[in-house]
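A.B. asks: This is the structure I want to talk about, given as structure tokens.
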Number of protein chains: 2
Amino acid sequence: MPQDIFHETFPNGLTLLAERMKHVRSAALNFLVPAGCAYDPLQHLGIASVLSDLIIRGAGQRNSREVTLALDNLGLDRDESVGSLHMRFWGATLARNLPAALEIYADILRRPHLPADQLDAVKALAFQELQSIEDEPKQKVLIELRRRHYPAPLGQDRHGNRAGIESLSADGIHTHYQKLFQPRGSILSVAGNIDWNKLRDLIARLFGDWKGDQEPSLTLGPLPSPHDHIEKETTQTQIGIAYPSVPIGHEDYYAAQGAVNVLSGGMSARLFTEVREKRGLCYAVWASYQTFKDRASVVCYAGSTNERAQETLDVTLQELKRLQEGIESEEVDRVKAGLKSSLIMQEESTSARAGTLASDWYYLGRVRSFDEIQSAIDSLTPEKITHHLRRYPPRDFTIVTLGPKPLRMSA
Amino acid sequence: MPQDIFHETFPNGLTLLAERMKHVRSAALNFLVPAGCAYDPLQHLGIASVLSDLIIRGAGQRNSREVTLALDNLGLDRDESVGSLHMRFWGATLARNLPAALEIYADILRRPHLPADQLDAVKALAFQELQSIEDEPKQKVLIELRRRHYPAPLGQDRHGNRAGIESLSADGIHTHYQKLFQPRGSILSVAGNIDWNKLRDLIARLFGDWKGDQEPSLTLGPLPSPHDHIEKETTQTQIGIAYPSVPIGHEDYYAAQGAVNVLSGGMSARLFTEVREKRGLCYAVWASYQTFKDRASVVCYAGSTNERAQETLDVTLQELKRLQEGIESEEVDRVKAGLKSSLIMQEESTSARAGTLASDWYYLGRVRSFDEIQSAIDSLTPEKITHHLRRYPPRDFTIVTLGPKPLRMSA
């Protein structure tokens, strides 16, 4: 399938990526700014989250209400979110409304008011969100797993903590904004029914004179303790397990994806079959792949009754360790069918394409073509996946549980 | 935009709907069978959920493992779910794999094994899912709201209860299956890159000789008590509010949608602005529209700290009651932009289209065209929405809260 993919890196360092999808009427935009919560200073944990809310509350010539209304009037479905390394601004609407939306985002990213008089309301919301995690044990166990699996500050959670949020001042937020919001390292991707020349000219006009080129850096701390239990009077015990894998860009990347899908891609996958279908141990069990540039992990989750939690943990770990014993060719056929089908689904979604353009660029410095991905999937074999698993066997597990009682961790 | 929409109702009562989307490579299928949890007998609450799991575990010539593997090998992303009135089988994959998937679904719907030896595992999973709600206060408050807002059995929850699940036998499930799985009242919809004539012939071959035409009926009980508090030691208080609206098909339907979107469509909508942005009362607050054929509701949710829950409830109710005082034209412009943008997004998704074909047919007995919906949206005015709200003002609230302490309910 021919793809119309375009790229320009402006002199100030901002990267613009676009894919023209001529049979659609919508367009999606995706802005990554290197201002994720890993850059939250220890005494101000939560600052990225607070900034991501405050930054929308007035920008350029518009006050808070006017910004929101202007975006809503363009029919923009949108979301601002804070990841580990990036703050992400996503939106989707009719292609013809995209230029007007980008004009507003230029104000938001470059000329936000960060109004001091709204800071109390924003901090109150950040407290609320932080507190609500205590009522969501599934979410909590995955947050605590991440915190123990990655060296600080990579494992930091965007919700921050009470002291961090309380400490925030309008001045401090403005300084944080100025340090991190800059063209170098920022990526804007767009997919949909767009005209590349007009888009590039628009972005040159809106962002060409944006200044700043000190990409932030992180100093990693030591690895935290790998096993932990969080005591809580819940009716179910939550289990989170993580172990190292290879990052995107590594020669084993597709084999690693294949291995995760042997575990958890589709309903005939191993975890679903062994833990859920055969033994009825838990309703939800899955594994997924997570990557940074220089490291990656497989993260597994299971939630079970308190009585059957130990067996759930044991069976899940056993399945992880059993992977390196070998993979069946019927499993690889299934995995390939699933990966190819997802690839086609992504092709048809402007939001999915905009997201992939930006993440490919960030991780690889280029955008992979469908043909490249498709032939990498086609070339998967049981031998390749097994070879990968013997080089990088599931081990060095980080395990976090949450529930009334700790479990035995033999891993 | 020209649409290729096709329809056939077979002599046995099965309805087939299809939309040809020639620029995509995928296809989605959506099967509605009138076997939702409202048909669960009181002594067997949970039977629909258990059946929806068991029905996939072997069908036609394939055993449990073979069914799952065959579907996974087609790259099918799929889900079986239980609604109030329908059991839903959804799947999406490459268009070229659709006929093979439909062959397997014909076995699942018409020739399931419902294996007795897997019933214990399936019941264990149903218990687990039932129990997990106790750890999910947001989900719990909405389930309990529904139970108190609609007359039984419309408000029944698919999770059932412990005694109901325990009571289930393989024979009882088989009888329930035989009673409810039949062509009359079942709707199959497909959207994607399909050939209508081939599809119709395939469905005629797979389902033409399916028998059974006793559509199940429901006898409604009295309305339950409208206010309730569920005591639970949570860090946040959950609030659910429901009130009557007009069903799809009613002359006021689009005005009712407009009113809900004035409350909750986009970030400049009233609930978000008044409850969240200005006062910082709660992180999550929304309203959504829910319809049956003969009745409909607006359901609102808010979750707040225990300290600010009373104010959250009061402000939310005040916003609901204030609706009938009138709507601004800038609000209607925003709502129209949002509704039109969602319409375009739906057009581009095979899954969204398959779902809409089936629900339009169920509620209206026909499929609405884009042009019809678009001109209904275009014709919305502040006067129309206000007129609707004066005829059907938000009142007769059902309110359910969950948290450490009850709230004052002045509604």
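A.B. asks: 7 Å from Cα along Cα→Cβ at both A:Glu325 and A:Glu66: what's the point-to-point distance in nm?
C.D. replies: Those two pseudo-labels are separated by 6.8 nm.
A.B. asks: Mean separation of Cα pairs under 8 Å and 6+ residues apart, divided by the residue count of the range A:22-123: what relative contact order is that in percent? Walk me through the numbers before you get to the answer.
C.D. replies: On the way: 157 pairs, mean separation 39.9, N = 102.
Averaging sequence separation for qualifying contacts and normalising by length gives 39 percent for the range A:22-123.
A.B. asks: Here is a follow-up. Under 13 Å from a point placed 7 Å out from the Cα of A:Ala376 along the Cα-to-Cβ direction: which residues of the range A:285-299 have their backbone N that close?
C.D. replies: A:291
A.B. asks: In Å and whole numbers, how far do the C-alpha atoms of the range B:81-177 stretch along each principal axis, longest first?
C.D. replies: So the extents along the principal axes, rounded to whole Å, are 44, 32, 26.
A.B. asks: Dipole size in debye (nearest 20) for the range B:103-197 around its Cα centre, Lys and Arg Cβ +1, Asp and Glu Cβ -1?
C.D. replies: Values: 12 positive and 13 negative charges, 101 e Å.
The calculated dipole for the range B:103-197 is roughly 480 debye.
A.B. asks: So, one more: How about B:Lys405: which lysines have a C-alpha closer than 27 Å to its C-alpha, ignoring those fewer than 8 places off in the same chain?
C.D. replies: Hits, sequence-local ones excluded: A:Lys123, A:Lys138, A:Lys140, A:Lys232, B:Lys138, B:Lys140, B:Lys232, B:Lys278, B:Lys321.
A.B. asks: Right, next: Taking B:Ala163 in one copy and the same position in all the others, each labelled 7 Å out along Cα→Cβ, what are the pairwise distances from the first, in nm, shortest first?
C.D. replies: Reported distances to equivalent positions: 5.2 nm.
A.B. asks: Nearest 10 degrees, 0 to 90: what angle lies between the long axis of helix B:329-347 and the longest principal axis of chain B (Cα atoms)?
C.D. replies: Between helix and principal axis, roughly 10 degrees.
A.B. asks: In addition: Hey, what angle do you get for helix B:119-132 against the long axis of chain B, alpha-carbon based, 0 to 90 degrees rounded to 10?
C.D. replies: In chain B, helix B:119-132 runs at an angle near 10 degrees to the longest axis.
A.B. asks: Let me ask something additional. State the residue of chain A whose Cβ is nearest the axis carrying A onto B, and the distance in whole angstrom.
C.D. replies: For chain A, the closest residue to the axis carrying it onto B is A:His23, 2.
A.B. asks: Note every residue of the range B:52-69 with a reduction of at least 50 square angstrom in accessible area, all protein chains present versus the isolated chain, computed with a 1.4 Å probe, or write none.
C.D. replies: Residues shielded by partner chains are B:Arg65, B:Leu69.
A.B. asks: Calculate for chain A the 222 nm mean residue ellipticity that helices alone would give, adding -39,500 (n - 2.57) per DSSP H run of length 4 or more and normalising by residue count, nearest 500 deg cm²/dmol. Walk me through the numbers before you get to the answer.
C.D. replies: Values: 14 runs with 165 residues, N = 411.
It comes out at -12500 deg cm²/dmol, rounded to the nearest 500.
A.B. asks: Oh, and also: Taking 0.36 nm per residue of separation and subtracting the Cα-Cα distance, what length does fully extending B:Arg162 through B:Asn12 add? Present the calculation step by step, with values, prior to reporting the outcome.
C.D. replies: Values: separation 150, 0.36 × 150 = 54.00 nm, distance 3.70 nm.
Extending this stretch completely gives an extra 50.3 nm.
A.B. asks: From the label point of B:Gly83, set 7 Å along Cα to the beta carbon, how far off in nm is each other copy's matching point, shortest first?
C.D. replies: Those label-point separations list as 3.4 nm.
A.B. asks: Of B:Val335, B:Ile377, B:Ser359, which is farthest towards the positive pole of the range B:253-398's charge dipole, taken about the Cα centre with +1 and -1 on the beta-carbons of Lys, Arg and Asp, Glu respectively?
C.D. replies: It is B:Ser359, whose Cα lies furthest towards the positive end.
A.B. asks: What do you get for the angle between helix B:137-149 and the principal long axis of chain B? Use alpha-carbon atoms, 0 to 90 degrees, nearest ten.
C.D. replies: 90 degrees
A.B. asks: Still on this structure, I have one more. Give a residue-ordered list of calculated ³J(HN,Hα) values for the range B:73-90 (Karplus: 6.51 cos²θ - 1.76 cosθ + 1.60, θ = phi - 60°; whole Hz; x for Gly, Pro).
C.D. replies: 5, 8, x, 7, 7, 8, 7, 10, 9, 10, x, 5, 9, 10, 8, 10, 10, 10
A.B. asks: Another question, if that's okay. Run through the range B:262-361 and list the GluC sites (Glu not before Pro) located in a DSSP loop whose Cβ has at most 14 other Cβ atoms within 10 Å. It would help to have the intermediate numbers written out before the result.
C.D. replies: Values: sites: B:Glu274, B:Glu277, B:Glu307, B:Glu311, B:Glu319, B:Glu325, B:Glu328, B:Glu330, B:Glu331, B:Glu347, B:Glu348; in loops: B:Glu307, B:Glu328, B:Glu348.
Answer in residue order: B:Glu307, B:Glu328.
A.B. asks: About the Cα centre, and with charges only on the beta carbon of Lys, Arg (+1) and Asp, Glu (-1), how big is the dipole of the range B:1-72? Nearest 20 debye, please.
C.D. replies: Numbers: 6 positive and 7 negative charges, 46 e Å.
Magnitude of the dipole: close to 220 debye.
A.B. asks: Quick one: pull the percent of accessible area on chain A belonging to carbon and sulfur, 1.4 Å probe, ligands and nucleic acids left out. Show your work: numbers first, answer last.
C.D. replies: Details: 7820 of 16140 Å².
Answer for chain A is 48 percent, counting heavy atoms of protein chains only.
A.B. asks: Identify all aspartates and glutamates with a Cα-Cα distance to A:Lys336 below 12 Å; exclude those on the same chain that are fewer than 8 residues away in sequence.
C.D. replies: Qualifying aspartates and glutamates at Cα under 12 Å: A:Asp378, B:Asp72.
A.B. asks: How many Å² of accessible area per residue for chain A, probe 1.4 Å?
C.D. replies: Working: 16140 Å² over 411 residues.
For chain A, the solvent-accessible area averages 39 Å² per residue.
A.B. asks: Once the Cα gyration tensor of chain A is found, what semi-axes does its equivalent ellipsoid get, as square roots of 5 times the eigenvalues, in whole Å, sorted largest first? Mind dumping the intermediate values first?
C.D. replies: Working: eigenvalues 276, 162, 66 Å².
After diagonalising the Cα gyration tensor, the semi-axes are 37, 28, 18 Å.
A.B. asks: Hey, got a sec? Which trypsin sites (Lys or Arg not before Pro) in the range B:198-227 land in a DSSP loop and have at most 13 other Cβ atoms within 10 Å? Each step should come with its number before you reach the end.
C.D. replies: Details: sites: B:Lys198, B:Arg200, B:Arg205, B:Lys211; in loops: B:Lys211.
Hits after loop and neighbour filter: B:Lys211.
A.B. asks: Sorted from shortest, what are the nm distances separating the label point of A:Arg322 from equivalent points in the other copies, each placed 7 Å from Cα along Cα to C-beta?
C.D. replies: The answer, with the shortest distance listed first, is 5.9 nm.
A.B. asks: Considering protein heavy atoms only and a 1.4 Å probe radius, which residues within the range A:124-138 exhibit an accessible-area decrease of no less than 30 Å² in the full assembly relative to the chain by itself?
C.D. replies: Residues losing area: A:Leu125, A:Gln128, A:Glu129, A:Gln131, A:Asp135, A:Glu136, A:Lys138.
A.B. asks: Where in the range A:224-331 are there chymotrypsin sites (Phe, Trp or Tyr not before Pro) that are in a DSSP coil and have at most 16 other Cβ atoms within 10 angstrom of their Cβ? All intermediate terms of the calculation are to be shown ahead of the outcome.
C.D. replies: Values: sites: A:Tyr253, A:Tyr254, A:Phe272, A:Tyr283, A:Trp286, A:Tyr289, A:Phe292, A:Tyr301; in loops: A:Phe292.
In loop regions of the range A:224-331 (DSSP not H, G, I, E or B), the sparsely surrounded chymotrypsin sites (Phe, Trp or Tyr not before Pro) are A:Phe292.
A.B. asks: 5 Å is the cut-off here: which amide hydrogens, built 1.01 Å from N in the peptide plane, fall below it relative to A:His229, excluding neighbours closer than 5 in sequence?
C.D. replies: Those lying under 5 Å, H to H, from A:His229 are A:Thr401.
A.B. asks: Here's another thing I want to ask about it. For the range B:283-315, which residues drop by 40 square angstrom or more in accessible area between the chain on its own and all protein chains together (1.4 Å probe)?
C.D. replies: Buried-area filter returns B:Tyr283.
A.B. asks: Also, quick follow-up: Nearest 100 Å², what total accessible surface is buried between chain A and chain B (probe 1.4 Å)? Can you show the working numbers first?
C.D. replies: Numbers: alone 18770 and 18690 Å², together 32210 Å².
What A and B bury together is about 5200 Å².
A.B. asks: With all protein chains present, calculate the accessible area of A:Ser379 using a 1.4 Å probe and round the result to the nearest 10 Å².
C.D. replies: So the heavy atoms of A:Ser379 present about 50 Å² to solvent.
A.B. asks: In addition: With label points built 7 Å along Cα→Cβ from the Cα atoms of A:Arg408 and B:Ile230, find their separation and express it in nm.
C.D. replies: 3.6 nm
A.B. asks: Now a separate question. Among B:Thr15, B:Leu51, B:Gln3, pick out the residue whose Cα is farthest towards the positive end of the charge dipole of the range B:1-61, where Lys and Arg carry +1 and Asp and Glu carry -1 on C-beta, about the Cα centre.
C.D. replies: Value computed over the given set: B:Gln3.
A.B. asks: So what is the relative contact order of chain B, in percent, for Cα pairs below 8 Å that sit 6 or more residues apart? Please report the intermediate quantities before stating the final value.
C.D. replies: On the way: 783 pairs, mean separation 90.8, N = 411.
With pairs under 8 Å counted, the relative contact order is 22 percent.
The values are calculated or read from the model by the stated rules, or taken from the named source; none is laboratory data. Since the model is a prediction, treat every value here as computed from it, not as a measurement. No Cβ is skipped: glycine too gets one built from the backbone with ideal geometry, and neighbour counts run over all protein chains shown. Note: areas computed on protein heavy atoms with side chains; ligands, DNA, RNA excluded. Shrake-Rupley method; radii C 1.70, N 1.55, O 1.52, S 1.80 Å.
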